[in-house]
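Participant: Next up is a structure, given as structure tokens.
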Amino acid sequence: MEEINIVKIGGKVIDDENARNEFLARLAKIKKNIVLVHGGGKVANQVLTSMGIEPKMVNGRRITDADTLRVVTMVYTGLINKTITAKLNSLNRCSVGISGVDGVLLDAVKRPVKDIDYGFAGDITPEGVNAQLLIDLVSNGYTPVIATIAADKNAQLLNINADTVASTLAAGLAQKVKTNLFFCFEKKGVLMDANDDNSVIPLLNSENYPKLSAQGIFSDGMIPKLENAFNTINKGVNKVIIGNSNDVEGFFEAEHKGTMICK
């Protein structure tokens, strides 16, 4: 196997059925080894609100109490995961929907309480990626579709940030095979001005990122995505691109759109 490509999809592309189906139609045609990681926070928020549970976020990360955990588990591993998997299969891209729990794909621990108690939110352990499971699935012609619920060694379910899952899987796979990581959402890339869709920052590295971050350029939701992107580059991932889902085919080419993350 020459390489594996982790594609993480989230934001409005997940929420809007037409946008989601258009993205999946594009993805299904790409003749590359792909692992798809999906979010679904806004759908989960809608279900939580309909049940009288107030969604709570801090710095782009969800506070997951017991009631919230039950709902996000149902939404992520059930509704969203199976909807995406079924659509890919209908497009003749043989796919299998799993979560971090299945095959112990991800080994996690409950996030320790420091300044903020995130509840049943989890962090993946240093050796917590079963990369061989994904390699085996991809080698046998499957596209794994991964929901971001994991468990600890006591079978406690934990909610894991989707960007963290994508980044950690990429870092784990990079120890065995050349791995690329693509974050797809509704924007054209990381923006200098959130109100200007054309203000894409083409390159972020260890030199300009801290300076821009100090200026408050990045939104709360973008911060964990960027932190995870830099973390994976430092752990051997070949390439990280953040960009629009409509450009997903181009991420696999030398001349790409979006924002490239480099050391």
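The values are calculated or read from the model by the stated rules, or taken from the named source; none is laboratory data. The shown structure was predicted, so the numbers you read here are calculated from the model rather than taken from an experiment. Every residue, glycine as well, gets a Cβ built from its backbone with ideal geometry; the counts of neighbours run over all protein chains shown.
Participant: Here's a check for you: in region 187-202, which residue that is at negative phi and within 20 Å of the chain's Cα centre (by Cα) is surrounded by the most Cβ atoms within 10 Å (Cβ to Cβ)?
Facilitator: 190
Participant: Write out, first by first residue and then by second, each pair whose Cβ atoms fall under 7 Å of each other, whose residues are 6+ apart or on separate chains, and whose first residue, in region 168-184, is modelled with pLDDT under 95 and surrounded by 24 or more Cβ atoms within 10 Å (Cβ to Cβ) while the second is among the basic types (Lys, Arg) and part of a loop (DSSP other than H, G, I, E, B).
Facilitator: Correct list of pairs: empty, since none qualify.
Participant: Can you tell me which residues in region 129-142 are surrounded by 23 or more Cβ atoms within 10 Å (Cβ to Cβ) and either among the hydroxyl-bearing types (Ser, Thr, Tyr) or over 11 Å from residue 103 (Cβ atoms) (or both)?
Facilitator: Hit for region 129-142 is 129, nothing else.
Participant: Among the residues of region 47-73, how many are of a type outside the set (A, V, I, L, M) and in contact (Cβ under 8 Å) with a residue 60 or more places away in the chain?
Facilitator: 7
Participant: Report whether or not residue 254 is at pLDDT below 90, of a type in the set (Gly, Ala, Ser) and within 22 Å of residue 58 (Cβ to Cβ).
Facilitator: Spelling it out, it is not the case that residue 254 is at pLDDT below 90, of a type in the set (Gly, Ala, Ser) and within 22 Å of residue 58 (Cβ to Cβ).
Participant: Residue 167: under 21 Å from residue 60 (Cβ atoms) and assigned to a loop (DSSP other than H, G, I, E, B), yes or no?
Facilitator: no
Participant: Please go through region 52-86 and give me each residue that is in contact with a strand residue (DSSP E or B) (Cβ under 6 Å, 6 or more places away or on another chain) and surrounded by fewer than 19 Cβ atoms within 10 Å (Cβ to Cβ), ordered by number.
Facilitator: Correct list: 63, 65, 82.
Participant: So, of the residues in region 68-115 that are touching a Phe, Trp or Tyr at 6+ places or on another chain (Cβ under 8 Å) and not in a helix (DSSP H, G or I), which turns out to be modelled with the lowest pLDDT?
Facilitator: Checked region 68-115; the qualifying residue modelled with the lowest pLDDT is 111.
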